[in-house]
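First up is the structure itself, then whatever we jot down about it.
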Amino acid sequence: MHIQTGTETDHALIARPAVGDRRVVDIVLASDAHGAFVWGVLDRLLDEPSLSICNITASGFGAMEAVVLAYGLALGGRRGARTALANFWRRVSHASMFAADAASPLRSILEQSIDIAVIRDKNRPLQLSILASNARTDAVKIFAGDQLSIDAILAAATIPFLFPAVEIDGDSYWGDGDLSALPALQLDTGHRLVVTGKPTLFTTPCADRRLAATPCAMKCAPTHAIFDRQHRAGAALFTRPWTDWGELTDMRDRGRERAGDWLFADNSVADECSAVDGKNRYL
């Protein structure tokens, strides 16, 4: 095992029907959000007892963080998930001091951070979907359930053209999965929270919304987004998602702050079918 299991398990994060003030969300981690910023957002959400997460869909480096969170949650509840994420990023930072290139340590870091059998367990409380693109056709593939593997997670985290694609079942995949491939959520699922680097990435309205005044027959779930307002400043770090521990924790703290802003906002009044508008953006 990679984390201690003796800590008290808190499964309050597991999705369940909304009761009282409890909020249920599905989280989408976009490929353009720097990983340490995503870490901060997830770390803050794990602190919130009134929040339940039903699913996480992730592309880019966020795919690795999603599976680490799911692994830690399965073994040690919220505290286990936060510990697993912190340990993962310490490994990432440590690898930067010795790695000559940015690609080679990823497999070793991931294998040290999770047990893939736990991730594929059907009884795992948190459901995962990992997005990767076919390097030959650009078609987006969603890896979930029994299809989740170390290779699939690494493929999602691989920067296209900068690093070689990962071969899976005779085909090649890498990152930058298109979020438009995601199906619409229904209202009884709760809200969708997108963690992304820039406001323009996730602004497509519901497919059923043809005119602004037309009701949505699909009854899509409200969509919110947390953006990293310093996305451009961190752009160079995408070629090295691991870096100095101080830089990583600064980005983590910025993510925690943005997530805190979202948690304390009144999200219950979001337009059920709107694109991510100014009211629902947390910069």
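The values are calculated or read from the model by the stated rules, or taken from the named source; none is laboratory data. Just so you know, these numbers come straight off a predicted model, no measurement behind them. Neighbour counts run over all protein chains shown; Cβ positions are idealised from the backbone, glycine included. The area values use the complete protein model at the heavy-atom level, side chains included, leaving out ligands, DNA and RNA. Shrake-Rupley method; radii C 1.70, N 1.55, O 1.52, S 1.80 Å.
Summary of computed values
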item	result
Pick from the stretch 1-31, criterion touching a strand residue (DSSP E or B) at 6+ places or on another chain (Cβ under 6 Å) and open to solvent by less than 30 Å² (accessible area, probe 1.4 Å), ranking: modelled with the lowest pLDDT	13
Checking residue 57 against (1) modelled with pLDDT of 95 or more; (2) under 28 Å from residue 171 (Cα atoms), the condition it does not meet	(1)
Among residues of the stretch 233-271, those that are over 16 Å from residue 92 (Cα atoms), modelled with pLDDT under 90 and either open to solvent by 70 Å² or more (accessible area, probe 1.4 Å) or not polar (S, T, N, Q) (or both), counted	11
Residue tally, condition more than 19 Å from residue 165 (Cα to Cα) and hydrophobic (A, V, I, L, M, F, W, C), over the stretch 115-143	6
The one condition in (1) modelled with pLDDT of 95 or more; (2) more than 27 Å from residue 141 (Cα to Cα) that residue 95 fails to fulfil	(1)
